[in-house]
Amino acid sequence: MPQKTLAEGSRAGAAAIEHGGVASPKRWWILAVVAVAQLMVVLDATIVNIALPSAQTDLGFSDGNRQWIVTAYALAFASLLLLGGRIADLFGRKPAFLVGVVGFAAASALGGAANGFTMLVVARALQGAFGALLAPAALSLLNTTFTDARERARAFSVYGAIAGAGGAVGLLLGGVLTDALDWRWTLYVNVAIAVVAFAGGWILLGNHRDAANAKLDVPGTVLVAAGLFSLVYGFSNAETHSWGSPLTWGFLIAGGLLLAAFAWWQTRAAHPLLPLRILLDRDRAASFLAVLITGAGMFGVFLFLTYYLQLNLGFSPTKTGVAFLPMVGALMVTAQVGTTVLVPRLGPKAVIPLGFAVATAGMAWLTGIGLGSHYLSAVLPQLIVIGVGLGLVMPPAMQLATGGVAAEDAGVASATVNAMQQVGGSIGTALLNTLAASAATDYLSGRDATSKLVRAQATIESYTTAFWWSAGFFVAGAVLAFVLYRRGVPQQDAEAAPVVHM
């Protein structure tokens, strides 16, 4: 046994040197560069939302077209993620990272300079496409750079905290930029962030093509891109049409069939885009589901609480963003504790269901808001509890979802994590919007709909309904995580722990 451990340690050390990991003094700087790039991608999921009313007034597009500013980004990002991850594996993570950063910055500059609706939508779609190349490259760089279990846990606590809290930071930054400057700066700011990320990536990153001998699975790429596009498009249409519309159920069915065909093809392809070995590990599959459910449930916090703070409590965009910061702080603290202390000692079967349970309690508590509620008593404590819960779920799940994969699969495994988060967000947005609208309609039925007080209470009813359903998502996450995760400490962490000291 000692000889086997020594051999494994030597191989791990060699891999670490090759990928610029434990043996490299640059690894924490690499984490900083990756974190900056990831923040840029995550910010854009929400930073533009606050600026939308200003952009709509400036460019003169209709309410019906407004959703496409958000949906264009989501569609391109979700549908191209697996392709982006495989490109990073095939052609190298450094070029994929750098091209992604430059392309994202250029698309952001184009959007900031938009002179009309079409130009802005095209820019947002390009942002999503380059984000689909950048995000999996960034996550896979962490996976191959940090090979020691303890350092890797710390790195993923930072990355996971950014992934979980970036939406709230986007609301804050979007509000500040819109209030202080102009809506266009919610896009221009990416150019400044990209300069830092590109310079750091150019100087610090090495390039290694782990899957250089493989080929791109073109049929698989077409099937999964079309399937994810149809799925996200179908859920997006549920917001503006109805579940009975062919544009909703037709695309959802098409998406399901295309993804089923993709799964079948992956069992027969010589060079599969998503090797099924990545999905068949129980802990990894559970982690993918945890990320999906968290993405769906988090929209109950960001979307409807933003409405409540601005429309009911009268908060400005900037003040709304500041109001979310306590949740961000709680998430970051528990992200560190969860990934570096609790999961290595107790295992994910105990920690991640606990995180979901805490988030459930926070969401259920948040349903107590009313017309006369105050932020300090009815929102702040609940946000902190939700942040604590999500910090115990998102970073550990992201770490476990990409841990233990072969180096040549790191990019596509990372892309799958991002795809789960994006699809979860799309599902959550569509379902919660529909449920909230139905709750408001039901409340108004039989009441005086012309009364301002009645209409205001109907909006509260819609918000609390969304919060209850978000709590339900988290309950489902707790049950699935408890059932699917293996008992004990993840094997890869247990084996990797002594290597760094050899």
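What the table below lists for this structure:
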quantity	calculated
Ranked order, Arg86, Arg150 - accessible area, probe 1.4 Å, largest first	Arg150, Arg86
Length released on extending from Ile253 to Thr450, taking residue separation times 0.36 nm less the Cα-Cα span	67.0 nm
Pairwise label distance in nanometres, Trp243 with Leu181, each label 7 Å out on the Cα-Cβ vector	4.2 nm
Label point at Leu380 placed 7 Å out along Cα→Cβ; residues across region 306-332 whose backbone nitrogen lies under 13 Å	323-327
Partner lysines for Lys94 [C-alpha distance under 29 Å; skip if fewer than 8 residues away on the same chain]	Lys26, Lys215
Cα-projected label distance for Val222 with Met119, points at 7 Å along beta-carbon direction, nm	3.5 nm
Calculated from backbone phi, Karplus (6.51, -1.76, 1.60) coupling profile of region 372-386 in Hz, x at Gly/Pro	x, 6, 10, 4, 5, 9, 9, 10, 4, x, 5, 4, 5, 4, 4
Relative contact order, percent, the chain [alpha-carbon distance under 8 Å, six or more residues apart]	23 percent
Net charge dipole size for the chain [Lys, Arg +1 and Asp, Glu -1 on Cβ; Debye, nearest 20]	640 debye
Angle between the chain longest axis and helix 27-43 axis [Cα atoms, degrees, rounded to 10]	30 degrees
Cβ-defined net charge surrounding Pro219, 14 Å radius [Lys, Arg +1; Asp, Glu -1]	+2
FRET efficiency, Leu371 to Val196 (Cβ-Cβ, R0 45 Å, nearest 0.05)	0.55
Where Rh is the Kirkwood radius over Cα pairs, Rg/Rh for region 298-396	1.03
Largest to smallest accessible area among Ile253, Ile162 [probe 1.4 Å]	Ile253, Ile162
nm² value of the averaged projected area, convex hull over the Cα atoms of region 43-115	5.4 nm²
Share of alpha-carbon pairs per 20 Å distance bin for the chain, given as whole %	24, 59, 16, 1
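The values are calculated or read from the model by the stated rules, or taken from the named source; none is laboratory data. Keep in mind that this is a model prediction, so the values were computed, not measured. Here the Cβ is made from the backbone with ideal geometry for all residues, glycine too, and neighbour counts use every protein chain on show. Please note that ligands, DNA and RNA were not included when accessible areas were found on the heavy atoms of the full protein model with its side chains. Shrake-Rupley method; radii C 1.70, N 1.55, O 1.52, S 1.80 Å.
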